[in-house]
1. Hey, which of the helices (runs of 4 or more DSSP H) in the range 291-392, taking only ones fully inside, have at least 2 residues that are under 19 Å from Arg215 (Cβ atoms) and without any contact (Cβ under 8 Å) to a residue 40 or more places away in the chain?
2. Going through the range 243-278 one residue at a time, which ones are in a helix (DSSP H, G or I) and either free of Cβ contacts under 8 Å to residues at least 24 places away in the same chain or hydroxyl-bearing (Ser, Thr, Tyr) (or both)?
3. Report whether or not Asn149 is out of contact with any Asp or Glu (no Cβ under 9 Å at 6 or more places or on another chain), without any contact (Cβ under 8 Å) to a residue 60 or more places away in the chain and in a helix (DSSP H, G or I).
4. Has the range 152-161 got any residue that is touching a helix residue (DSSP H, G or I) at 6+ places or on another chain (Cβ under 9 Å), farther than 20 Å from Glu81 by Cα and aromatic (Phe, Trp, Tyr)?
5. Residues that are free of Cβ contacts under 8 Å to residues at least 60 places away in the same chain, open to solvent by 20 Å² or more (accessible area, probe 1.4 Å), outside any strand (DSSP E or B) and out of contact with any helix residue (DSSP H, G or I) (no Cβ under 6 Å at 6 or more places or on another chain): does the range 113-121 have at least one?
6. Being open to solvent by less than 40 Å² (accessible area, probe 1.4 Å), under 21 Å from Lys47 (Cα atoms) and not acidic (Asp, Glu) is the filter here, so list the residues in the range 208-233 that pass it.
7. Name the one entry in Gly75, Gly84, Gly30 that is on the phi > 0 side of the Ramachandran plot and not in a helix (DSSP H, G or I).
8. Farther than 14 Å from Leu24 by Cβ and under 21 Å from the mean Cα position of the chain (by Cα): is that true of Leu99 in this structure?
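The values are calculated or read from the model by the stated rules, or taken from the named source; none is laboratory data. For clarity, every value in this text was computed on a predicted model and none was experimentally measured. Neighbour counts run over all protein chains shown; Cβ positions are idealised from the backbone, glycine included. We work out accessible area using only protein heavy atoms, side chains counted, and drop any ligands, DNA or RNA first. Shrake-Rupley method; radii C 1.70, N 1.55, O 1.52, S 1.80 Å.
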Amino acid sequence: MEDKQKINQSTSGLDLSVLEGFHLMAKPAGPACNLGCDYCFYREKKKFFSKDQTFRMSDEILEAYTREYIKSQPGNTVVFEWQGGEPTLAGLDFFQRALIFQKKYNAGKQINNSLQTNGTLIDAEWCAFLKKNNFLVGLSLDGPEAVHNVYRKDKKGHPTFSKVFNALKMMQEHGVEVNVLATVNRESCKYPLEIYRFFREADVQFIQFIPIVERDADTEAQQLGIPLAGPTSITHLETSLAVTPWSVEPNQYGEFLISIYNEWIAHDVGDVFVMNFEWTLGVWAGARPGMCHVSRRCGQNLIMEHNGDIYSCDHFMYPAFRLGNIMEGSLAEMVYSQKQIAFGTVKETALPVDCRCCDVLFACRGGCPKHRFAVTPDGEPGLNYLCPGLKDFFHHVQPTMEQMLALISQGNPVKKIMEMTS
């Protein structure tokens with residue numbers, strides 16, 4: 001390509017490459033949550049802890065996590081990601097202490113924080129703290145009220161839209177940097193433009209669409225006492241292929257993305273940043289993947305539970321994928337252990353023949369291993385359940401992706417694509 005510096009950027013003007021090293025996302029309140037969302041895959045993880053467990057990270061573990069994580073990062077910037085469950089259940093004072101430890105151990109590095117929240121506990125005090133300390137907030141909001149309230153309810157089955165939307169407006173008023181994470185499920189997939197336009201009209205600038213795909217419990221899940229199927233093996237045929245009633249169907253997911261892409265490419269390039277499209281532009285440009293599911297291999301995005309236990313991935317929080325504890329041994333040794341390397345490598349080595357021959361393999365790399373429980377037409381395991389929809393989407397966007405890359409290489413603003421496609 002003529003100018004890698006120009007090509008290696010997104011429509012937001014940001015470098016699409018990612019930091020070297022690994023990410024260790026922390027769950028300060030474990031799987032505890034004040035909501036009871038129907039499609040949540042993580043609340044079942046309470047089964048792996050004793051009934052009298054207090055789901056709060058101790059200061060001892062918090063300090064060890066902060067010290068070891070900063071020490072293990074080769075770059076000059078360290079990103080702390082806080083998720084759940086619902087991390088705000090840990091309390092504002094927890095995050096104030098986290099900042100104290102970060103200052104103590106930063107070793108001259110820049111420390112950034114991001115918080116993923118359902119928003120229902122956000123108030124003015126939280127907003128002031130988040131703004132003052134430059135937290136990036138990911139807010140879980142599925143769309144307009146009728147869509148959001150289908151699956152996102154509290155523990156008594158009450159709708160949550162009003163609280164979440166109020167949190168969005170409050171954070172915007174305080175100047176907090178907010179991204180929206182919206183799930184694409186069996187219901188929301190029916191309303192792509194209504195959802196996208198709702199976010200645009202609510203002045204949401206950064207949006208990420210996450211497909212909901214969960215399998216009904218298989219034999220292993222039943223033995224563990226959890227309602228959803230456990231990790232996909234990739235290399236062997238799965239005994240349970242049935243998905244839950246709220247899981248999006250492959251073609252629906254593709255149609256959802258295509259509908260929104262058509263609206264975005266015609267009206268909003270450079271103003272609204274749909275991260276699914278940003279990642280796609282990145283892989284088309286040959287940049288380093290911005291997300292693990294489009295990487296050749298995975299294994300560099302791990303989680304730490306509230307008790308210090310470290311697992312291979314957020315979607316693989318099961319006993320077999322526990323790597324150790326932050327209070328025991330070297331964090332780097334856990335991350336770069338043979339067990340974790342094997343976990344990350346199989347994503348590439350177990351690709352079915354159909355995938356290896358696919359013309360858009362470079363754009364998906366087989367997708368998230370969690371979703372690779374389908375079989376190819378030849379009966380080979382390891383195919384991504386969402387493959388048909390993803391393939392439709394990538395084929396659909398190919399012409400305009402190439403046009404945007406040409407604009408960037410010529411030094412033209414990407415927004416010019418809207419004139420070319422009108």
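1. On the way: elements: 331-335, 338-349, 353-356, 361-364.
Answer list for the range 291-392: none.
2. Filtering the range 243-278 for residues in a helix (DSSP H, G or I) gives 250-267, 275-278.
Selection gives Tyr253, Ser259, Tyr261, Asn262.
3. Numbers: out of contact with any Asp or Glu (no Cβ under 9 Å at 6 or more places or on another chain): no; without any contact (Cβ under 8 Å) to a residue 60 or more places away in the chain: yes; in a helix (DSSP H, G or I): yes.
Against the criterion (out of contact with any Asp or Glu (no Cβ under 9 Å at 6 or more places or on another chain), without any contact (Cβ under 8 Å) to a residue 60 or more places away in the chain and in a helix (DSSP H, G or I)), Asn149 does not qualify.
4. The answer is yes, given that some residue of the range 152-161 is touching a helix residue (DSSP H, G or I) at 6+ places or on another chain (Cβ under 9 Å), farther than 20 Å from Glu81 by Cα and aromatic (Phe, Trp, Tyr).
5. Checking the range 113-121: not a single residue is free of Cβ contacts under 8 Å to residues at least 60 places away in the same chain, open to solvent by 20 Å² or more (accessible area, probe 1.4 Å), outside any strand (DSSP E or B) and out of contact with any helix residue (DSSP H, G or I) (no Cβ under 6 Å at 6 or more places or on another chain).
6. Val213, Arg215, Ala217, Ala221, Gly225, Ile226, Leu228, Ala229, Gly230, Pro231, Thr232
7. Numbers: Gly75 fails: on the phi > 0 side of the Ramachandran plot; Gly84 fails: on the phi > 0 side of the Ramachandran plot.
Just a single option satisfies the conditions, and that option is Gly30.
8. Working: farther than 14 Å from Leu24 by Cβ: yes; under 21 Å from the mean Cα position of the chain (by Cα): no.
It is false that Leu99 is farther than 14 Å from Leu24 by Cβ and under 21 Å from the mean Cα position of the chain (by Cα).
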